[in-house]
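In what follows, a single structure is set out as structure tokens and then discussed.
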Amino acid sequence: MNRLPTDALTPSETGAARFQKLFRTTAFKLSLAYLAIFTLCAFLALGYVAWNARAVLDDQIVSTIDAEINGLSEQYNTGGLRRLITVVERRSREPGASLYLVTTAGGDHVVGNVGYVPAAILATPGQSETRYGRNDSDAEAHRAIVRVFTLPGGFRLLVGRDTEERDRLRAVIGRAFGTSVAAIIVLGVIGGWLAASRVLRRVDAMTQTTRAIMAGDLDGRLHVAGNGDELDRLASSLNLMLERIGELMRGMREVSDNIAHDLKTPLTRLRNRADEALRRPSTPDELRAALEAVIEEGDGLIRIFNALLMIARLEAGSASEIMAPHDLGAAARGVAELYEALAEDQGFTLEVSAEDGVVVEANRELIGQALANLLDNALKYGAPPGGGPGRITVAVWRESGLARLAVSDSGPGIPEGARAHVLARFVRLEQSRSQPGLGVGLSLVNAVVRLHRGTLHLRDNGPGLRVEVSLPLAQGDAAGAAGPARVGLG
């Protein structure tokens, strides 16, 4: 007994089990992968913005310091150190973020708005970033970009700019970065959960349907939402496959039933005749006649199985390699000539109207067998219902780039609703099966036509049945496909 799949959710499952299976879904894993990639991209983008913002602010601070230095240089060049100290003292009292400091060579404060700067900074001319304040303890909370100059007499000049605005902007960007990343992660997890839940619900529905099908409900079909996504395409393909399997199963049941009807009678007759020959004293002539009857019944059974084997070979395409160009009109005339005398004996008029040069890539024996089956069916079932002479017409012509073959009779025909059904094996419209026949003639013809990449249609001949076969022309003959549109059948 086949085991049913156990990886689908059922209504009785706990929430923990449902979440565990949800997290194992491909949709959720893909959502997490996309979330990780997007988060990394967002991290890099925000980091790049923060780095550039800091660089821009640093450039602005340096530009401001340069402007201050240029102004102080002019003052120093004009009035010397005394003038410089006076200007620094005045500017130190003005509100703003600019920093000024003048010290002696020993580091003693002369003038400025900075009380403390590390001695190493004052001792090293050039630009640097350092802490500052009114005193050593106050310096922990303030930072600045400064530039130090050595003046004549060992005096030191410090010009700088507080970095509070830059640090505040960096803090704002940092908070925005953290909030954005957290929001991305939360929304990504929620989106992944919703997407995975939706996919999982559809997969669960498909799983439940397949379980029902495996349990015997062969009419069950997967639900198609109609949005055209990959699950819809998968469900549609599986539904087509299930439909085909259903058709094959129905065909197998019909074949089994028809084989039982068709084989039971000849097997019973064969067994009864052999039993009768054994039970009853008989002369050698009577025994010979009994053996001939048994052989005849055996030959009929062999013909049935040969037909089945032939159809199986054709459907498997095992005869497709034995193909060569053949004139379809010549083949039709040849087969019709073999049936001409038989048709005349049975009171039929057999007419042939075939174009020359309608060349197809075909297996000559199989095409001949198909034509013979069509003529044989026409002779069996093509007599007019009210009596009188029957008429059978065979036509071959070229039309629309295809080779056409038609066999028509004047019998009762086949109802339109049963025309597709009679192409199956062992299907016979005559339920009593009193007339001779195996019920595989049209099925064999259909298999031959499909092997040759053609199509077969059953049409009303008004009265009678018209069997039309269309085959692709041979490659060298396709250029002549624009010949006469059709040959009249009279």
- Message: Could you check the range 212-226 and list, in sequence order, the residues that are closer than 20 Å to ARG198 by Cα and open to solvent by less than 80 Å² (accessible area, probe 1.4 Å)?
- Response: ARG221, LEU222, VAL224, ALA225, GLY226
- Report, by residue number, each residue of the range 101-120 that is among the hydrophobic types (A, V, I, L, M, F, W, C), in contact with a Gly (Cβ under 8 Å, 6 or more places away or on another chain) and within 15 Å of GLU89 (Cα to Cα). LEU101, VAL102, VAL114
- So which residues in the range 140-172 are under 29 Å from ASN52 (Cβ atoms), surrounded by 17 or more Cβ atoms within 10 Å (Cβ to Cβ) and of a type outside the set (D, E, K, R), if there are any at all? HIS142, ALA144, ILE145, VAL146, VAL148, LEU158, VAL159, GLY160, THR163
- Task: Show the residue pairs that are 6+ apart or on different chains and have beta-carbon atoms under 6 Å apart, the first residue being within the range 288-300 and over 13 Å from LEU267 (Cβ atoms), the second being part of a helix (DSSP H, G or I).
- Result: ALA290/ARG273; ALA290/ALA277; ALA293/ARG273
- Query: Does ARG93 meet the test of being at pLDDT 80 or above and surrounded by fewer than 11 Cβ atoms within 10 Å (Cβ to Cβ)?
  - Reply: yes
- Message: Being of a type outside the set (S, T, N, Q) and at pLDDT 85 or above is the requirement here; does LEU157 meet it?
- Response: yes
- Out of all the residues in the range 325-354, which are open to solvent by 30 Å² or more (accessible area, probe 1.4 Å) and under 14 Å from LEU473 (Cβ atoms)? PRO325, HIS326, ASP327
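Within the range 264-279, count every residue that is in contact with a Lys or Arg (Cβ under 9 Å, 6 or more places away or on another chain) and small (Gly, Ala, Ser). Walk me through it before giving the result.
Let us first name the residues in the range 264-279 that are in contact with a Lys or Arg (Cβ under 9 Å, 6 or more places away or on another chain), namely 265.
Checking which are small (Gly, Ala, Ser) leaves us with none.
The qualifying residues number 0.
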- Message: Kindly evaluate ASP136 against the criterion of being within 17 Å of THR150 (Cβ to Cβ) and of a type in the set (D, E, K, R).
- Response: no
- Could you tell me which residue of the range 355-369 is most open to solvent (accessible area, probe 1.4 Å), considering only residues that are in a helix (DSSP H, G or I) and either under 19 Å from GLN475 (Cβ atoms) or in contact with a strand residue (DSSP E or B) (Cβ under 7 Å, 6 or more places away or on another chain) (or both)? ARG364
- Take the residues in the range 370-396 that are of a type outside the set (Asp, Glu), in a helix (DSSP H, G or I) and touching a helix residue (DSSP H, G or I) at 6+ places or on another chain (Cβ under 7 Å), then tell me which one is surrounded by the most Cβ atoms within 10 Å (Cβ to Cβ). ALA370
- Conditions (1) aliphatic (A, V, I, L, M); (2) surrounded by fewer than 16 Cβ atoms within 10 Å (Cβ to Cβ); (3) part of a loop (DSSP other than H, G, I, E, B); (4) modelled with pLDDT under 65 -> ALA319 fails only (2)
- Picked from the range 440-484 (must be closer than 21 Å to GLU361 by Cα, open to solvent by 60 Å² or more (accessible area, probe 1.4 Å) and assigned to a loop (DSSP other than H, G, I, E, B)), the residue modelled with the lowest pLDDT is PRO484
- Query: Any residue at all in the range 24-42 that is part of a helix (DSSP H, G or I), within 36 Å of the chain's Cα centre (by Cα) and closer than 16 Å to ALA171 by Cα?
  - Reply: no
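The values are calculated or read from the model by the stated rules, or taken from the named source; none is laboratory data. Here the structure is a predicted model, which means the values were calculated and not measured. So basically every Cβ, Gly included, is an ideal-geometry build from the backbone, and we count neighbours across all protein chains shown. Side chains are part of the model used for accessible areas, which takes the heavy atoms of the whole protein and leaves out ligands, DNA and RNA. Shrake-Rupley method; radii C 1.70, N 1.55, O 1.52, S 1.80 Å.
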